[in-house]
Amino acid sequence: QVRLVESGGGLVQTGGSLILSCTASGRSFSTYAVGWFRRAPGREREFAAAITWGSTYYADSVRGRFTISRDNAKNTVTLQMVSLKPEDTAVYYCAADLHNSGSQETRDYEYWGQGTQVTVSS
């Protein structure tokens, strides 16, 4: 069992920055991958970034602007977002992939947080 809690969302202007955090509890944190997904109004949930034991993965839409990192001592994964655009507006979710695959598919993630809202104003 894994419990995930996101924090750090909010309202920011175009070009601004935000840092999202995902804090995990339960199963040993260092044994699984964590991904960040987002869901914009009227759209399906989409992959943003993921981190395994030693690799990171990014969607083309965020590569170069978002950075994912993990601190296994603190059971935390962080998503640093810069140069934010209105199209980044969404609810952001972190999720646990117990197979540590770094997948971009929602079906490969077994546990999900409740999400945190990010709004980028134009």
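Some observations on this one:
- Lone unmet requirement of (1) in contact with a helix residue (DSSP H, G or I) (Cβ under 8 Å, 6 or more places away or on another chain); (2) over 11 Å from Val12 (Cβ atoms); (3) open to solvent by 30 Å² or more (accessible area, probe 1.4 Å) for Gln104: (1)
- Of the set (1) more than 13 Å from the chain's Cα centre (by Cα); (2) touching a residue at least 60 places away in the same chain (Cβ under 8 Å), all apply to Pro41 but (2).
- Every condition in (1) surrounded by fewer than 20 Cβ atoms within 10 Å (Cβ to Cβ); (2) in contact with a Leu (Cβ under 9 Å, 6 or more places away or on another chain) is met by Trp53 except one, and the failing one is (2).
- Remark: Ser69 matches the filter, which requires a residue to be free of Cβ contacts under 8 Å to residues at least 40 places away in the same chain, open to solvent by 30 Å² or more (accessible area, probe 1.4 Å) and in a strand (DSSP E or B).
- Set Val12, Val77, Val34, Val5: member being open to solvent by 50 Å² or more (accessible area, probe 1.4 Å), part of a strand (DSSP E or B) and at pLDDT 95 or above: Val5
The values are calculated or read from the model by the stated rules, or taken from the named source; none is laboratory data. Since the structure is predicted, the reported quantities are computational estimates derived from the model, not experimental observations. Heads up, the Cβs are rebuilt from the backbone with ideal geometry, glycines too, and the neighbour counts pull from every protein chain shown. Heavy atoms of the whole protein, side chains included, go into the accessibility calculation; ligands, DNA and RNA do not. Shrake-Rupley method; radii C 1.70, N 1.55, O 1.52, S 1.80 Å.
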